[in-house]
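S.K.: Sending over a structure as structure tokens; questions will come in a sec.
The values are calculated or read from the model by the stated rules, or taken from the named source; none is laboratory data. Bear in mind the structure is a predicted one, so any value in this text is a computation, not a measurement. Using ideal geometry, Cβ is built from the backbone for each residue, glycine included, and neighbour counts are taken over all protein chains shown. SASA here: full protein model, heavy atoms, side chains in, ligands and nucleic acids out. Shrake-Rupley method; radii C 1.70, N 1.55, O 1.52, S 1.80 Å.
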Amino acid sequence: MAATAGRDKDKDETMNGTARFRARDRSSETLEFDYVVVGAGSAGCVLANRLSADGRHSVLLLEAGPKDNNLWIHVPLGYGRLFKEKTVNWMYQTEPEPGLDGRTIFQPRGKVLGGSSSINGLLYVRGQHEDYDRWRQHGNSGWGFDDVLPYFKKAENQERGADDFHGAGGPLPVSDLVHADPLSAAFIAAAGETGIPVNPDFNGASQEGAGFFQTTTRRGRRASTAVAYLRPARGRRNLQVETSALAQRILFDGHRADAIEFRQAGVLRTARARKEILVSSGAYNSPQLLQLSGVGPAELLRQHGIDVVLDAPGVGHDLQDHMQVRVVMRCTQSITLNDVVNSPVRRILAGARYAAFRKGPLTIAAGTSGAFFKTSPRLATPDIQIHFLPFSTDKMGERLHSFSGFSASVCQLRPESRGSLRIRSADPTMAPEIRINYLSTEVDRIANVEGLKVLRRILQAPALRPYVMQEVDPGAKVSTDEELLNYCRARGSTIYHPTSTCRMGSDPLAVVDQSLRVRGLEGLRVVDGSIMPDLVSGNTNAAIIMIAEKASDMILQDSR
Ligand SMILES: Cc1cc2nc3c(=O)[nH]c(=O)nc-3n(C[C@H](O)[C@H](O)[C@H](O)COP(=O)(O)OP(=O)(O)OC[C@H]3O[C@@H](n4cnc5c(N)ncnc54)[C@H](O)[C@@H]3O)c2cc1C
């Protein structure tokens, strides 16, 4: 059972067991738990639930951000509002990106219970079977598609019911869209007219094709992992959740991770882990925390005066992300979300409809329909994903266009470009240096240009013709491959899927082994998007939840 040392009045920062939190100077004593989980994001909330479920182990979950009280978190379309909401968002920036005309690229990341699953676009796309088979082929036994499918199913509560590829009894609701709009359906028909078949289930036997996305929502509300996994576990006496608690350093006893030092309400506190520390701080903050703790490239650590616990050059290496580049269309009819948002009356009606029935445009996620296709016949599986949206904007998170508009973006699924994450200083409150190096390989440049050409063909197909007044961006002035590439450089940005900064593997740059233990250390695992050997060909939330489900099983097995 959790020790009750060093707590005082901070009820607000303590989600449960407040009765057990009384008195004494918080800084002077050490908390003690079996497991300390750092980060209550997509992965961390899964761990907190599963590890505390049988009541045998005490678990402390530390989260740098606040509780998920912001109302917009729970409204699907609210993700647009949270994009630049610094109370729940780390709001990182990359360094100037050489492949994107030297622009810095905004990187939102959730800083709140639920982490990025509380601010994300809600799309449920697992990636391709071949992604996981590739992980296994690279030496990660136990991570092939057949191995991970049971964990996708275990997590899932699929609205359509269980089948060979889906589970129906899990904590994570996966639902069909509740708002039917003619543009999103026309996109699927238009894709069909260009030879892309209809696919009713991107997470079924094959990903290829066009169709509607499913979302992690339940009855029109967001199902973050804080909602799906943490809430049901809240009442457990062996689970303690501390918010506004920034982990600053892992403390080591030799090569064994022993405790976490964290700052909460200005007080420095320490929590010991009798069994393990589980770092689930996301693809940017997990490598940052390891580096701050002396686990990382030795030259970088010394440069910042940090004692080297383990020279691990792979920590922060191999950063990968999905880029997106958007095509914007002016619509002939006032049926887009732009029209709703730009009309006070329609806005109020949409709000009322949502409040009364949980229906209407406020249930729209970061994509309604989409498509997966190959840009070359020599490819075995799709290399491009299209996200179609019945609205348009210059930049996500900014005002929608004043005209009736819709848009669709190209996302290359398996980029070859690799970047890095390095601390800038030993100060844990300082944002790390993020370099993604978008478009730094020829394969990536060609895929984006070819993807844009296919997307343009879809947008000009007969099924969409009644709705298209003109292409606004890139527009008629852009037609050659060179011009399209220049457009990618000028307008490309992230689709928010950074991974692989603490990669799983067995080569010298791999950070964790197949059980997600940090190689060369004891009592320490990384469990989140940073362990992906490489990016999955889809949106990353589902895969990360699967990773945490599988990790929970491995951790519990090891504890026997
Ligand atoms: C705007 C946006 C849109 C997205 N859209 C989609 C989508 O539609 N579908 C999809 O599948 N994926 C989407 N993603 C990606 C997906 O949500 C993330 O890949 C996933 O949530 C990451 O999970 P994680 O557990 O690795 O990290 P996170 O969920 O980011 O969790 C990390 C947690 O650790 C906390 N933390 C960090 N450092 C510390 C510290 N030092 N001490 C204590 N706590 C700390 C953070 O505050 C955070 O809560 C999107 C992401 C964003 C940002």
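S.K.: Per residue, how many Å² of accessible area does the chain show with a 1.4 Å probe?
M.R.: Numbers: 20410 Å² over 560 residues.
Accessible surface, normalised per residue, equals 36 Å².
S.K.: For Lys153, list the lysines whose Cα falls under 23 Å from its own Cα; do not include residues on the same chain fewer than 8 positions away.
M.R.: Hits, sequence-local ones excluded: Lys550.
S.K.: To the nearest 0.05, how large is the calculated FRET efficiency for Ile348 and Ala490 if R₀ is 25 Å and r is the Cβ-Cβ distance? Each step should come with its number before you reach the end.
M.R.: Numbers: r = 37 Å, r/R0 = 1.49.
FRET efficiency, Ile348 to Ala490: 0.10.
S.K.: For the chain, what % of the accessible area comes from carbon and sulfur atoms, probe 1.4 Å? Mind showing how you got there, number by number?
M.R.: Values: 10210 of 20410 Å².
Answer for the chain: carbon and sulfur cover 50 percent of the accessible area.
S.K.: A further question on this structure: Setting aside same-chain residues fewer than 8 positions from Lys477, which aspartates and glutamates have a Cα under 18 Å from its Cα?
M.R.: Hits, sequence-local ones excluded: Asp394, Glu450.
S.K.: A follow-up question, please. Mind running the shape call on the range 403-536? Use the C-alpha gyration tensor, a ≥ b ≥ c as the square roots of the eigenvalues: rounded below 1.5 for a/c, prolate if a/b tops b/c, oblate otherwise. Let's see the in-between values first.
M.R.: Numbers: a/c = 2.69, a/b = 2.43, b/c = 1.11.
Prolate, since a/c reaches 1.5 and a/b exceeds b/c.
S.K.: Of all beta bridges DSSP finds with both residues in the range 259-369, what is the antiparallel percent, to the nearest 5?
M.R.: On the way: 6 of 8 bridges.
Just about 75 percent of them are antiparallel.
S.K.: Let me ask you something else. Heads up, I need the accessible area for Lys153: 1.4 angstrom probe, whole protein in place, Å², nearest 10.
M.R.: 60
S.K.: Next up: Can you give me the relative contact order of the range 463-517 as a percent, contacts being Cα pairs under 8 Å and 6 or more apart? Intermediate results must be reported in sequence, preceding the final value.
M.R.: Working: 22 pairs, mean separation 8.2, N = 55.
Computed value for the range 463-517: 15 percent relative contact order.
S.K.: Out of Gly370, Asn342, Thr393, whose Cα points farthest toward the positive end of the dipole of the range 339-438 (charges: +1 Lys, Arg; -1 Asp, Glu; placed on Cβ)?
M.R.: Selected residue: Gly370.
S.K.: For the chain, rounded, prolate or oblate, judged on the Cα gyration tensor with a ≥ b ≥ c (square roots of eigenvalues), a/c < 1.5 rounded, else prolate if a/b > b/c? Each step should come with its number before you reach the end.
M.R.: On the way: a/c = 1.76, a/b = 1.50, b/c = 1.17.
Prolate.
S.K.: What lysines could a cross-link reach from Lys111, if we take a straight Cα to Cα line under 22 Å and drop same-chain neighbours fewer than 8 places away?
M.R.: Correct list for Lys111: Lys11, Lys67, Lys84, Lys86, Lys395.
S.K.: Turning to a different aspect of this structure: Need one number: % antiparallel among DSSP beta bridges in the chain, to the nearest 5. Walk me through the numbers before you get to the answer.
M.R.: Working: 61 of 88 bridges.
Of those bridges, close to 70 percent are antiparallel.
S.K.: Is it possible to state the helix-based mean residue ellipticity at 222 nm for the chain, with each DSSP H run of 4+ residues giving -39500 (n - 2.57), the sum divided by total residues, to the nearest 500 deg cm²/dmol? What is it?
M.R.: Details: 12 runs with 131 residues, N = 560.
When only DSSP H runs of four or more count, the value is -7000 deg cm²/dmol.
S.K.: Compute, for the range 451-559, the length of the dipole vector about the Cα centre, with Cβ point charges of +1 (Lys, Arg) and -1 (Asp, Glu) only. Units Debye, rounded to 20. Before the final figure, lay out the partial values.
M.R.: Working: 12 positive and 13 negative charges, 95 e Å.
Roughly 460 debye for the range 451-559.
S.K.: Answer with one residue from Leu100, Ala312, Asn69: the one whose Cα lies farthest towards the positive end of the charge dipole of the chain, charges on Cβ with Lys, Arg +1 and Asp, Glu -1.
M.R.: Asn69
S.K.: Tell me whether the range 89-208 comes out rounded, prolate or oblate; compute the Cα gyration tensor, take square roots of the eigenvalues as a ≥ b ≥ c, and use a/c under 1.5 as the rounded threshold. Walk me through the numbers before you get to the answer.
M.R.: Numbers: a/c = 1.41, a/b = 1.17, b/c = 1.20.
Rounded, because the longest to shortest axis ratio a/c is under 1.5.
S.K.: Using every alpha carbon pair in the range 241-340, what percent of pairs falls into each 5 Å bin from 0 up to the bin containing the largest distance?
M.R.: Bin by bin from 0 Å, the calculated values are 2, 10, 16, 17, 14, 9, 5, 4, 5, 5, 6, 4, 1, 0.
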